[in-house]
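What follows is a single structure, written as structure tokens, with notes after it.
The values are calculated or read from the model by the stated rules, or taken from the named source; none is laboratory data. Values in this document were obtained by computation on a predicted structure and should not be read as measured data. All Cβ positions, glycine included, derive from the backbone under ideal geometry; neighbour counts span all protein chains shown.
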């Protein structure tokens with residue numbers, strides 16, 4: 001691991017310990033340890049569950065500017081072979097949150113010793129991936145005394161050239177809506193399909209047809225995507 005850039009080192013150390021939303025205990029402890037190493041003169045630190053908010057007091061403080069990062073990992077098995085590969089089985093920072101955190105720590109480190117006119121609020125948000133952690137924190141009232149007038153965030157995009165920022169007017173990132181569909185039929189032997197009601201065939205047709213929502217019901221100038229990520233059917237190859 002390189003020692004040239006401490007934030008690269010932090011990113012790799014965070015990559016070692018990915019945790020699922022609202023279970024980010026090691027991540028929380030790691031972040032707190034780094035935050036407490038900073039000059040504390042202008043810092044106010046507040047925690048709730050695994051969430052962390054740090055206010056950097058400005059010289060005037062008429063306005064509050066926020067920076068948000070997510071902190072959770074994904075239920076993904078890492079097989080990268082990297083020397084900083086996840087040490088948590090079945091967990092991986094596969095969506096860049098380790099980098100988001102190290103960027104936030106970098107910004108916080110700089111502004112902890114370079115006071116601005118405005119107050120700055122750094123929000124380390126849990127559970128971005130699984131249970132709408134932002135809404136949970138907002139509804140809890142945790143941010144009432146730290147609510148920003150403006151808030152900024154980013155997401156890493158490895159296919160852009162280094163040093164490039166990608167943005168646009170209007171919505172940039174999509175929201176998600178998950179669906180679960182269950183098909184119920186009549187089972188039978190694979191050699192006697194006429195005596196059963198084959199839901200694997202029905203589900204396959206559904207998967208193909210649902211894709212036409214994008215091609216025939218969405219304006220071609222707009223963006224949308226439908227993905228069915230998992231399918232579970234049957235118990236044996238010769239049983240319908």
Conditions (1) over 30 Å from residue 222 (Cα atoms); (2) at pLDDT below 95: number failed by residue 165: (1)
Which residues, counting only those in the range 5-27, are in a helix (DSSP H, G or I) and without any contact (Cβ under 8 Å) to a residue 60 or more places away in the chain? 6, 9, 25, 26
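At pLDDT 95 or above and under 30 Å from residue 117 (Cβ atoms): is that true of residue 20 in this structure? Before the answer, list the steps.
Values: at pLDDT 95 or above: yes; under 30 Å from residue 117 (Cβ atoms): no.
It is false that residue 20 is at pLDDT 95 or above and under 30 Å from residue 117 (Cβ atoms).
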So residue 61 passes all but one of these: (1) in contact with a strand residue (DSSP E or B) (Cβ under 7 Å, 6 or more places away or on another chain); (2) in a loop (DSSP other than H, G, I, E, B); (3) at pLDDT 95 or above. Which condition number does it fail? (3)
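Taking the range 64-101 only, how many residues are in a loop (DSSP other than H, G, I, E, B) and surrounded by 15 or more Cβ atoms within 10 Å (Cβ to Cβ)?
First pass over the range 64-101, keeping only residues in a loop (DSSP other than H, G, I, E, B): 71-73, 75-91, 93-96.
Right, trim to surrounded by 15 or more Cβ atoms within 10 Å (Cβ to Cβ) and you get 71-73, 78, 84, 86, 88, 91, 93-96.
So the answer is 12.
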